[in-house]
Structure formats: C-alpha cells, structure tokens
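Worksheet for the structure shown next.
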Amino acid sequence: MKVGIVGAGAVGSACLLSLVMRGSAREIVLVNRNRKRADGAIADVQYGAVLSPKVALSAGDYADLAGASLVMLTAGVNEKSGGATDRSDPAGRLRLLDSNAKVYEEVVPQIRVAAPDSVLLVVTDPPDPLADIARLLGHKRVLSTGTFLDSLRFRVHLARRLNVNPRSVEAYVLGEHGTSSVFLWSSARVAGRCALELLGESDQARKQLREEIEREVRYANITIIEGIGASQYGIGMVCARIAEMIARDERAVIPIGSYNKKYDVTLSLPSVVGREGIAGVIEPEMSDSERQDLEHSAEVLRKSLSSVQGSRDQRNIA
C-alpha cells in the first residue's frame, strides 16, 4: 500500500518512522511546505529502514500522492505553539481549530486533486472538527484519529493501577479527542470483571482512583509536551496501526472518528476499519450518565464546527 504523509513536523516524522519500523506500507511519500525538511527526514530514515521490511521512501509534492490508498494529514499549528497547554482551559485542543482550519482550506483541495479516492486520516489537532472541514471541502473518505490514542492511554493507566498488562484491559474513551471525551467505565473490563470494582474496596477509594486516571489520560498530551515539547511518538504508532488495518482490510474494531449522522458531527465510536475506511459503527451499551456525556461531547464539537464555519464564511465574503 502507498501511504502519503502531509506535514514533516514532529508528528509527521513520528508517523513516518512508525510506518517504516512496523513495515506498514510498501511506499511512503512525505510532503511538506518546506521541501528541504521533507528531504532531510527521508534521508535520515532511509538508512535505518534497511533494518525494516522493504519500503520505498521519497519526499515529494502533492502530485506525488497520486495512487496513495491512505494520506495522513499532520500539517498545522501544534498544541505548544498554539497555546493549548493549559489544563484549566475547557477549550483544550479546540483552541487550535481556527488556525488549523485555514491550513486545511489550503491543503485538503490539493490532496483531493492528487488522490481523490484515498482515505484521508486527520491527525492534526483538533482532529474531529478538522475531519469535518476536510469532508466539507469535498474529500470523500475522511477519518479522524479520534480517541484511539486516548483509549490506549486509558488502558495503560488503568492497568498500572491494577498491576496487569494493558493488553488484558478492555476500555474505551469515546466522543471528542479533547476535554469533553467520555470514559466508558461501565464497560471497562479485566478478565470479564468490572475494572472499576477492582480498583478499590470502598466507593471513596474507587472514586478517587477514577478521577486520578481520567485526569492523567485527559491531560497526558500536556504532560508529554512539558517533557519533550510535542506529543508525537504515541500518535505516530497509532497512525501506523491504522494504516495496517486499511492495507490488510482487517475489519478491526477500534474507537476512531468519522462523521456520524445521528450526532451530525465527526466523533469517536467503536468502528470497523478496513480498506474503504469505516465499514460500520458499533455503538456500545452505556450508562445514562455516559450517554448524556456523549451527547454533550457531540454538542461541544458541533458548536466548535459551527464557529469555524462562521469564520470561514466571513473570510470568503471579505
């Protein structure tokens, strides 16, 4: 499978490295506004790529995306430079939306001309409303990385408290990849047992651990940025795994973002991922409070999209 990556910053470079090391693609094209940066990234990775499954690597322009089955879009302002690193800010990643919407208005039409039949995987923050913008700009098959990484973080932090392997934990985060994300505690399981019940003997102990885990997961990106400047490696590995699901038509079920008519916005629900992108959505059972939280998350996303569309209309009028 041929994969394109648009954006050679920290996240785009991490996607490139993960694709190469996992052997997720047979050909990878890296496109960046500053071509010299893309050339440098490819030149660096190609030497270590000798140790991985065979892959053709190149830096290119948008026209070179022709024939790509999947294009990862990572271009835009990141959380640190965009001022989205305040844990007390309810907007979170949505603070980047207006700036990155302008980037997408420039980039997505060029991708659509070069690779109109590709699955477009939106990685840039905030990925959910940006996926809607890409869809509204005319690209047919658009996914957001959504809450796949959030769910992995949830499994890791829950497993750490229970002293088990994260692979043995089943737990989902749904809705927005952001501050309104929804933790499905009602269905979190380890060996068929309710994970929440395993956390502590008293309601107070469980409540405290639940709040700690949610805080650690919800603001994991900020903790990472405070340490290394950008949240990049985890999302790079997630993107490579999604590429494999598409390349192999795996029909794997993961929490990932796509436009949902019921909620009239892109948000994450457990979805069947294969060659065409999303082959189906499996909405899980939820408690009443989780259902309300998911509705709230959808409303947050709808309002953010409406706001940026209003700004876009004003720019077009001007």
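The residue that is surrounded by the most Cβ atoms within 10 Å (Cβ to Cβ), counting only those in the range 165-194 that are in a loop (DSSP other than H, G, I, E, B) and free of Cβ contacts under 8 Å to residues at least 12 places away in the same chain, is Asn165.
Pairing each residue of the range 115-128 that is touching a residue at least 40 places away in the same chain (Cβ under 8 Å) with any residue that is among the basic types (Lys, Arg), provided the two are 6+ apart or on different chains, yields C-beta distances under 6 Å for Val119/Arg141; Asp125/Arg93; Pro126/Arg93.
Is it fair to say Thr124 is in contact with a Pro (Cβ under 6 Å, 6 or more places away or on another chain) and under 23 Å from Lys261 (Cα atoms)? The answer is no for Thr124.
Counting only residues that are without any contact (Cβ under 8 Å) to a residue 24 or more places away in the chain and not β-branched (Val, Ile, Thr), how many does the range 41-81 have? Total satisfying the criteria: 6. With respect to (1) without any contact (Cβ under 8 Å) to a residue 60 or more places away in the chain; (2) in a helix (DSSP H, G or I), the lone exception for Ala84 is condition (2). For the range 90-126, which positions are under 21 Å from Ile224 (Cβ atoms), part of a loop (DSSP other than H, G, I, E, B) and in contact with a helix residue (DSSP H, G or I) (Cβ under 7 Å, 6 or more places away or on another chain)? Across the range 90-126, the qualifying residues are Val123, Thr124, Asp125, Pro126.
Among the residues of the range 67-81, those identified as assigned to a loop (DSSP other than H, G, I, E, B) and of a type in the set (A, V, I, L, M, F, W, C) are Ala68, Ala75, Val77. If you filter the range 195-242 down to residues that are in contact (Cβ under 8 Å) with a residue 24 or more places away in the chain and over 30 Å from Val11 (Cα atoms), you find that the one that is surrounded by the most Cβ atoms within 10 Å (Cβ to Cβ) is Ala195. Given the criteria over 18 Å from Ser268 (Cβ atoms), of a type outside the set (A, V, I, L, M) and either within 15 Å of the chain's Cα centre (by Cα) or assigned to a helix (DSSP H, G or I) (or both), does Glu201 qualify? When the stated conditions are applied, Glu201 does not pass them.
When the residues of the range 290-318 are filtered to those that are of a type in the set (A, V, I, L, M) and surrounded by fewer than 19 Cβ atoms within 10 Å (Cβ to Cβ), which remaining residue is modelled with the highest pLDDT? Ranking the qualifying residues of the range 290-318, first place goes to Ala318. Restricting attention to the range 243-278 and to residues that are in a strand (DSSP E or B) and small (Gly, Ala, Ser), the residue that is surrounded by the fewest Cβ atoms within 10 Å (Cβ to Cβ) turns out to be Ala252.
Quick check: anything in the range 272-289 more than 22 Å from Val169 (Cβ to Cβ), at pLDDT 95 or above and among the basic types (Lys, Arg)? So far as the range 272-289 goes, yes, one or more of its residues are more than 22 Å from Val169 (Cβ to Cβ), at pLDDT 95 or above and among the basic types (Lys, Arg). Within the range 43-66, is even one residue part of a helix (DSSP H, G or I), under 21 Å from Ile224 (Cβ atoms) and at pLDDT 95 or above? No: zero hits.
The values are calculated or read from the model by the stated rules, or taken from the named source; none is laboratory data. Note that the structure is predicted; figures quoted are calculated from it, not measured. Virtual Cβ from ideal backbone geometry, glycine too; neighbours counted across all protein chains shown.
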